[in-house]
Amino acid sequence: MSDVTRAKHGRPVHHWRRDAVELAALFTAVAVADAVANLVGHGPGGPALLVTSAMALAATAAFHVWWSRRHGHAPPVSDTGARPTAETRPAGQPTADDLAGALWRMRTTVRDEPGSLAVLCSALGERRVDILSLQTHPLADGTVDEFLLRAPGALAAADITRAVALAGGTSTWIERADAHDLVDAPTRVLGLAARTALDTAELPLALRQLLGRCTIRSLPGKPAGGGPGPRPVPVEGVLEDTVMRLPAPEGGVLTVERAYLPFTPTEFARARALVELDSRLGPRIPGGQDVLTLPEGNDITVRRVDTGDLAAARAMHERCSPDTLALRYHGPVGDADRYLNHLLSPRFGRTLAAQTASGRIVGLGHLLWDGDETEVALLVEDEWQQRGIGGELLGRLVALAVEAGCESVYAVTRASNTGMVAAMRGLGLPLDYQVEEGTLVITARLDAAHDTSRPRHGTGRQRLGDPARRD
């Protein structure tokens, strides 16, 4: 894959301009350090300057500690959705939140002493903040309280955290909430467990809804490309501040990481219970299929597939030309079969297959959970291309992504793959393009997708080119 692809997976893209700037900064830093050393060693007031610098550094460190305790693990304002204070808003233009109030999720740590929570609640009440729900997470040296709040629209996030800090709360974290957060925690956890029990592919989505904004990665015990696997974790898992590691149901390690906000033991226990449930039930996918009529009158069936269809998928690989496989896998064609077991596993995403009446698979579409992003990929057998199969598979994959709450999907292909480009454009969604060294990354933003015109998997019989039926 190209540097564009690697950048999307968290590894930086190197450019000579940035390298030149970094090199210039390094030489500048060395020159400044040499000048300071000469001034301290040979100047008349060298020792006094050194002592003064040390005192300034100590004062700066003390201020940083005070600031971090006061503001805690709050993410940047752009992440929380916090609005500017009333002074910076145009006068006479109240927002909907000003009229109906704004929902906030807040977490803060209080001393494990009688009356500490009452002081905090009183401070919120003085600012007309309504506490809709409260969960407590006991720790060894205090208690983490998680609130769902309704605050006046003119009250900004900084005003709330300032009141909490004055009332004794520390390590405060706050972000905007929505109506879905009004469901109480036991009901939400039971619903996530039911979804996980029905479909293996739901586990990463359930963990995200349980834990909030987080990155989930599943590292197989035996990587497809060879080499050593991840270091195993104990059966009970490992909790390290903002990272938890659990034994993956398929073997290997499941890593869940969250910025800004440490996981509590209660969250760790809930996540471990979901993963254990998934492991006990084993791989499973829901039933249901669609029958599509091609323009020439032939019927094909679209259904969910998993590793039980590995042999049929390999047979389709053998019928595909080297050029078709190269457009799909961006590498040596001989390595394509090695990835099929991973791609078909419902633990890493969802796969739809298009098959003929005889049961021969002629197209595969993958929706893959990639950390906190979602990838889509298509492969259609040569003889069945240019018939709309790829577009129909992609439309159903995007509908599944919308249903799962994904904000966007991206496809990695070669710039010469006009078929994939056309299929992405056919979604009718806002697209972003990145091109580098012949590799093209197309990202579709799903905030405008909803489910108004795209077909959903399981909608019954449909003729290609007709709108999906709503049964």
With the checklist (1) at positive phi; (2) in a helix (DSSP H, G or I) in hand, flag the one item Ala123 doesn't pass.
-> (1)
Can we say Ala411 is in a strand (DSSP E or B), of a type outside the set (D, E, K, R) and closer than 25 Å to Pro295 by Cα?
-> no
Subset of region 297-319 that is part of a loop (DSSP other than H, G, I, E, B) and touching a residue at least 12 places away in the same chain (Cβ under 8 Å) - its residue that is most open to solvent (accessible area, probe 1.4 Å) = Asn298
Taking into account only those residues within region 177-229 that are within 29 Å of Leu148 (Cα to Cα) and of a type in the set (Asp, Glu), which is surrounded by the fewest Cβ atoms within 10 Å (Cβ to Cβ)?
-> Asp178
Under the condition of being outside any helix (DSSP H, G or I) and among the β-branched types (Val, Ile, Thr), which residue from region 176-212 is farthest from Ser133 (Cα to Cα)?
-> Thr200
Which residues, taken from region 337-386, are within 19 Å of Gln289 (Cα to Cα) and of a type in the set (Lys, Arg)?
-> Arg350, Arg360
Scan region 158-176 residue by residue and report those that are of a type outside the set (Phe, Trp, Tyr), open to solvent by 10 Å² or more (accessible area, probe 1.4 Å) and either closer than 30 Å to Ala404 by Cβ or in contact (Cβ under 8 Å) with a residue 12 or more places away in the chain (or both).
-> Ala158, Asp159, Thr161, Ala165, Leu166, Ala167, Gly168, Thr170, Ser171, Glu175, Arg176
Going through region 112-129 in order, the residues found to be surrounded by fewer than 19 Cβ atoms within 10 Å (Cβ to Cβ) and either within 21 Å of Leu155 (Cβ to Cβ) or at pLDDT 90 or above (or both) are Ala118, Val119, Cys121, Ser122, Gly125, Glu126, Arg127, Arg128
Thr109: modelled with pLDDT of 85 or more, of a type in the set (Val, Ile, Thr) and under 33 Å from the mean Cα position of the chain (by Cα), yes or no?
-> yes
Determine if region 139-162 includes at least one residue that is at pLDDT 90 or above, out of contact with any Phe, Trp or Tyr (no Cβ under 9 Å at 6 or more places or on another chain), more than 28 Å from Gly349 (Cα to Cα) and part of a strand (DSSP E or B).
-> no
If we scan region 253-268, do we find a residue that is on the phi < 0 side of the Ramachandran plot, of a type in the set (S, T, N, Q) and over 18 Å from the mean Cα position of the chain (by Cα)?
-> yes
Check on Arg414, in contact with a strand residue (DSSP E or B) (Cβ under 8 Å, 6 or more places away or on another chain), within 29 Å of Leu207 (Cβ to Cβ), in contact (Cβ under 8 Å) with a residue 40 or more places away in the chain and not aliphatic (A, V, I, L, M) | no
Scan of region 297-313 for residues that are over 16 Å from Leu393 (Cα atoms) and in contact with a Ser or Thr (Cβ under 7 Å, 6 or more places away or on another chain), ordered by number = Thr307
Positions within region 401-419 being open to solvent by 20 Å² or more (accessible area, probe 1.4 Å) and either modelled with pLDDT of 90 or more or within 23 Å of the chain's Cα centre (by Cα) (or both), in sequence order | Val402, Glu403, Gly405, Cys406, Glu407, Ser408
Output for Cβ contacts, cut-off 7 Å, separation at least six or different chains, first residue without any contact (Cβ under 8 Å) to a residue 60 or more places away in the chain in region 431-442, second open to solvent by less than 20 Å² (accessible area, probe 1.4 Å) and small (Gly, Ala, Ser), reads Leu431/Ala444; Ile442/Ala411
Sole miss for Trp369 among (1) among the aromatic types (Phe, Trp, Tyr); (2) free of Cβ contacts under 8 Å to residues at least 40 places away in the same chain; (3) not in a helix (DSSP H, G or I) is condition (2)
What number of residues within region 246-304 are among the polar types (S, T, N, Q) and under 15 Å from Ser218 (Cα atoms)?
-> 2
Matching residues in region 219-264 (at pLDDT 90 or above and touching a helix residue (DSSP H, G or I) at 6+ places or on another chain (Cβ under 7 Å)) number 6
In region 272-296, residue nearest to Thr356 (Cα to Cα) [restricted to those that are open to solvent by 30 Å² or more (accessible area, probe 1.4 Å) and in a helix (DSSP H, G or I)] = Leu281
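The values are calculated or read from the model by the stated rules, or taken from the named source; none is laboratory data. Computed from a predicted structure; not experimentally measured. We place every Cβ from the backbone using ideal geometry, glycine too, and count neighbours over all the protein chains shown. These area figures cover heavy atoms from the full protein model, side chains too; ligands, DNA and RNA do not enter into them. Shrake-Rupley method; radii C 1.70, N 1.55, O 1.52, S 1.80 Å.
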